[in-house]
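Read through the structure below, which is laid out as C-alpha cells, and then see the notes.
What follows draws every value from the coordinates through simple rules; no lab data is involved. Because the structure is a prediction, the values reported are computed rather than measured. As a convention, Cβ positions derive from the backbone with ideal geometry for all residues, glycine included, and neighbour counts pool all protein chains shown.
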Amino acid sequence: MDILSIAIFIFIIMESANVAILYFWPGSQLGNGVGVFHAYSNPESEEQRLFSSYLVNWVAGVKLIFLFLLAVILVIGTEQVRMWAVVAMILSIATYFWRLHPTIKKLDAMGCITPKGYSKALGWMITGFLIMFTLALIGHILTEVMGV
C-alpha cells in the first residue's frame, strides 16, 4: 500500500467513527458528536431540536458520501487519481478554517461549548489531518514523481 493509500485509509477509518457517532450517538462529546454544543443539548423549542437533528444527520450523510467516494478511489483508483484525491482532501479540509473555525472559536469564548477550549482541540485535530495528507502528498511526489 502506497503512502497516499495509507493516508486515505486512516482518514476513512477515523471519519467512519465520526459518522457512526453522528448517526447513532449525536449527543456524544466524542469525535464529531455535537453534545459539546449547549444549544444542541438544550434546544429552546421542538423546532430547534428537529432542525438541529436534521443538520446533524445531513452532515453525517455528506461525510458518508466523501467516505464512499474515497473508498472507491482507494480500491480502484489509479495512482494519479489517488494523488488528486489527496489534493482535493487538503483543499476541502482547509476550508474548515475559513468559516467553521471562527464560529466555533466565538462559541467557545462565549461559554457555549463544554469542555472549554474544545475549539482549539478541534482545530488541532483538523490541522493533523491537513499535515497527514500534505506529508503523504510530499512523500508521494518525492518518491514516485521525482524518483527520490
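Points worth noting:
- Cα gyration tensor shape for segment 64-106, rounded if a/c is under 1.5, else prolate or oblate: oblate
- The calculated FRET efficiency for the pair Asn57 and Ile141, based on their C-beta separation and a Förster distance of 41 Å, comes to about 0.60.
- Secondary-structure-derived ellipticity at 222 nm for the chain, considering helices only, amounts to -24000 deg cm²/dmol, per-run term -39500 (n - 2.57) for DSSP H runs with n ≥ 4.
- Label zone at Ala94, where the point sits 7 Å out along the Cα-to-Cβ direction: segment 1-23 residues whose backbone N lies under 13 Å: none
- Computed from phi, the 3J(HN,Hα) profile of segment 112-117 under the Karplus parametrisation 6.51, -1.76, 1.60 (θ = phi - 60°) reads 9, 10, 10, x, 4, x Hz, with x in place of Gly and Pro.
- Cα centroid separation - segment 1-44 against segment 48-80, whole Å: 11 Å
- Contour minus Cα-Cα distance for Thr103 and Ile65 (0.36 nm per residue): 11.2 nm
- In this simple spin-label approximation, Ile10 and Val81 carry label points 7 Å from Cα along the Cα→Cβ vector, and these lie 2.4 nm apart.
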